[in-house]
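Engineer: Here it is, the structure, as structure tokens.
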There are 2 protein chains.
Amino acid sequence: MIPFITTNEGKFEEFRTFLEPLGLQLSMSDREYPEVQADSLEDVVLYGASVLSRELDEFVIEDSGFFIDPIPGFPGVYSKHIHGSIGLDGVLKLVGTDRRAHFEACILYYDGTSHVFKGEVTGTVATERRGTGGFGYDPIFIPDGHDRTFAEMTPAEKNELSHRGRALESMAGFLRSRDRP
Amino acid sequence: MIPFITTNEGKFEEFRTFLEPLGLQLSMSDREYPEVQADSLEDVVLYGASVLSRELDEFVIEDSGFFIDPIPGFPGVYSKHIHGSIGLDGVLKLVGTDRRAHFEACILYYDGTSHVFKGEVTGTVATERRGTGGFGYDPIFIPDGHDRTFAEMTPAEKNELSHRGRALESMAGFLRSRDRP
């Protein structure tokens, strides 16, 4: 069993469902690790891994964020904090005419080496919050090629498109190629 | 010589001028240390010190931030990042009728033990940026009892009131009491 270090049960279930068929048995761990202030999600998970690898031989961690493209790095690495402070209404006040945005996910799998897998989904910021599903920035994000926000989609529809799903697929590709003799 | 770990020369000069008469000889060091995502400046410097203390016997670090009181934790620990992303114009859009705000500084002096010294200055957010002095949030902060922003004051006037000056005074009190037999 490889510890997936997260306090988010929904995320743990998504990972477990995806990775178990590929032979990676995950357990949920609420062990704590430092999340640094950094310019990218990759820097956050790499630093976390440098601390965790002193104590663990194998683990999985993940970080994700929402990025408003014309405002570099915002809210980005600080998505959770910004959501909790100024909220979606505050974020909407800051978006101008260029409404492009994306979600990014970054998974790090450590097995003696840090392997990083990324996924993203591009779209636009809605002019107001819409929908009751999902969490975080889902009510204000409309993925490209769609006219509903993530919060207006079923979990299955959202997972099909999601940055986290894409990062998991990238990880799956790695696991498959590794297991091939 | 005790390393003050900062890349800000102005800050280094302010510390040196203040602390040298108290017998603390500082050298400027650009050594890097991790700044974590945290709820308070104190948590940021305590974590930094936990890493630095593996390699150094004595050092000084400092973190400071701007806090808009009705928006908990904003921009706070992330002041520098928010200033660089949404800027002062973005911040002004988020302030409502309650315009109270404060600056906070947190100095950590490590000599085998972490000693933390805090200072703050309370005031209000101006309705627009004013003045060309200072840096960061100075053009939009009016300290209580004044009608000019920090950026409209001379450096001497600002230092007299500043959060950093108050944290340095608290540290000076500690150094004086420690040196007393």
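Engineer: Residues of region A:102-142 being of a type in the set (A, V, I, L, M) and either within 22 Å of residue A:11 (Cα to Cα) or assigned to a loop (DSSP other than H, G, I, E, B) (or both), which ones?
Structural biologist: Going residue by residue through region A:102-142, those that are of a type in the set (A, V, I, L, M) are A:105, A:107-108, A:116, A:121, A:125-126, A:140, A:142.
Within region A:102-142, A:105, A:107, A:108, A:116, A:121, A:126, A:140, A:142 qualify.
Engineer: State which residue is nearest to the chain's Cα centre (by Cα) when the search covers only region A:57-84 and only residues that are small (Gly, Ala, Ser) and more than 9 Å from chain B (Cβ to nearest Cβ).
Structural biologist: Restricting attention to region A:57-84, the residues satisfying the condition of being small (Gly, Ala, Ser) are A:64-65, A:73, A:76, A:79, A:84.
Retained after the next criterion (residues that are more than 9 Å from chain B (Cβ to nearest Cβ)): A:64-65, A:79.
On the way: A:64: 3, A:65: 6, A:79: 11 Å.
Ranking the qualifying residues of region A:57-84, first place goes to A:64.
Engineer: While we're looking at this one, here's another question. I'd like the full set of residues that are over 20 Å from the mean Cα position of the chain (by Cα), surrounded by 16 or more Cβ atoms within 10 Å (Cβ to Cβ) and either aromatic (Phe, Trp, Tyr) or away from chain A (no Cβ under 14 Å) (or both), limited to region B:95-104.
Structural biologist: Step one: list which residues in region B:95-104 are over 20 Å from the mean Cα position of the chain (by Cα), which gives B:95-99.
In the following step, the residues that additionally are surrounded by 16 or more Cβ atoms within 10 Å (Cβ to Cβ) were identified as B:95, B:99.
The answer is B:99, and nothing else.
Engineer: I need the full set of residues from region A:143-157 which are among the hydroxyl-bearing types (Ser, Thr, Tyr) and more than 14 Å from residue A:121 (Cβ to Cβ), in order please. Don't jump to the end; show me each part of the working.
Structural biologist: Pass one, region A:143-157, residues among the hydroxyl-bearing types (Ser, Thr, Tyr): A:149, A:154.
A:154, the sole residue that qualifies.
Yes/no per residue for (1) buried (at least 22 other Cβ atoms within 10 Å of the Cβ); (2) of a type outside the set (D, E, K, R):
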residue: B:77; (1), (2): yes, yes
residue: B:86; (1), (2): yes, yes
residue: B:106; (1), (2): yes, yes
residue: B:115; (1), (2): no, yes
residue: B:121; (1), (2): no, yes
residue: B:128; (1), (2): no, no
residue: B:147; (1), (2): no, no
residue: B:152; (1), (2): no, no
residue: B:179; (1), (2): no, no
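Engineer: Quick check on region B:85-94. Is at least one of its residues under 25 Å from residue A:95 (Cα atoms), away from every other protein chain (no Cβ under 11 Å), assigned to a helix (DSSP H, G or I) and out of contact with any strand residue (DSSP E or B) (no Cβ under 7 Å at 6 or more places or on another chain)?
Structural biologist: Within region B:85-94, the first condition is being under 25 Å from residue A:95 (Cα atoms), and the residues that meet it are B:85-94.
Filter again for away from every other protein chain (no Cβ under 11 Å), leaving B:88.
Now restrict to residues that are assigned to a helix (DSSP H, G or I): B:88.
From what is left, the residues that are out of contact with any strand residue (DSSP E or B) (no Cβ under 7 Å at 6 or more places or on another chain) are B:88.
Yes, the conditions are met somewhere in region B:85-94.
Engineer: Being buried (at least 21 other Cβ atoms within 10 Å of the Cβ), modelled with pLDDT of 95 or more and in a helix (DSSP H, G or I) is true for just one of A:65, A:48. Which residue is that?
Structural biologist: On the way: A:65 fails: in a helix (DSSP H, G or I).
Selected residue: A:48, the only one of A:65, A:48 that is buried (at least 21 other Cβ atoms within 10 Å of the Cβ), modelled with pLDDT of 95 or more and in a helix (DSSP H, G or I).
Engineer: Take the conditions over 28 Å from residue A:77 (Cα atoms) and surrounded by fewer than 19 Cβ atoms within 10 Å (Cβ to Cβ) and apply them to residue B:42. Does it pass? Can you show your working first?
Structural biologist: Working: over 28 Å from residue A:77 (Cα atoms): no; surrounded by fewer than 19 Cβ atoms within 10 Å (Cβ to Cβ): yes.
Criteria not met by residue B:42.
Engineer: Something else now. Please find, among A:178, A:100, the residue that is more than 30 Å from residue A:22 (Cα to Cα), of a type outside the set (Gly, Ala, Ser) and free of Cβ contacts under 8 Å to residues at least 60 places away in the same chain. Before you say what the answer is, go through the steps one by one.
Structural biologist: Numbers: A:178 fails: more than 30 Å from residue A:22 (Cα to Cα).
Checking each option against the conditions leaves just A:100.
Engineer: Considering only region A:1-55, state which residues are away from chain B (no Cβ under 14 Å), under 23 Å from residue A:102 (Cβ atoms) and either touching a Lys or Arg at 6+ places or on another chain (Cβ under 6 Å) or among the acidic types (Asp, Glu) (or both).
Structural biologist: Of everything in region A:1-55, those that are away from chain B (no Cβ under 14 Å), under 23 Å from residue A:102 (Cβ atoms) and either touching a Lys or Arg at 6+ places or on another chain (Cβ under 6 Å) or among the acidic types (Asp, Glu) (or both) turn out to be A:14, A:42.
Engineer: Counting only residues that are of a type outside the set (Asp, Glu) and in a loop (DSSP other than H, G, I, E, B), how many does region A:8-45 have?
Structural biologist: Here the count works out to 10.
Engineer: While we're on this one: Just the residues that are within 16 Å of residue A:104 (Cβ to Cβ) and in contact with a helix residue (DSSP H, G or I) (Cβ under 8 Å, 6 or more places away or on another chain), please, taken from region A:118-133.
Structural biologist: Step one: filter region A:118-133 for residues within 16 Å of residue A:104 (Cβ to Cβ), giving A:118-125.
Scanning region A:118-133 gives A:118, A:119, A:120, A:121, A:125.
Engineer: Please determine whether any residue of region B:103-117 is more than 30 Å from residue A:67 (Cβ to Cβ) and in contact with a Lys or Arg (Cβ under 7 Å, 6 or more places away or on another chain).
Structural biologist: Within region B:103-117, the first condition is being more than 30 Å from residue A:67 (Cβ to Cβ), and the residues that meet it are B:105, B:107-117.
Of the ones still in play, those that are also in contact with a Lys or Arg (Cβ under 7 Å, 6 or more places away or on another chain) are B:105.
Yes: one or more hits.
Engineer: Checking the conditions here, which among A:20, A:13 is surrounded by fewer than 16 Cβ atoms within 10 Å (Cβ to Cβ), more than 17 Å from the chain's Cα centre (by Cα) and acidic (Asp, Glu)?
Structural biologist: Working: A:13 fails: more than 17 Å from the chain's Cα centre (by Cα).
The match here is A:20.
Engineer: What do you reckon, is residue B:131 in contact with a Phe, Trp or Tyr (Cβ under 9 Å, 6 or more places away or on another chain) and at the interface with chain A (Cβ under 10 Å from one of its Cβ atoms)?
Structural biologist: Answer is no for this residue.
Engineer: Could you tell me whether region A:44-67 includes any residue that is in contact (Cβ under 8 Å) with a residue 60 or more places away in the chain and in contact with a Gly (Cβ under 8 Å, 6 or more places away or on another chain)?
Structural biologist: yes
The values are calculated or read from the model by the stated rules, or taken from the named source; none is laboratory data. If you're wondering where the values come from, they're calculated on a predicted model, not measured in any experiment. Here Cβ is always computed from backbone atoms with ideal geometry, including for glycine, and neighbour counts include all displayed protein chains.
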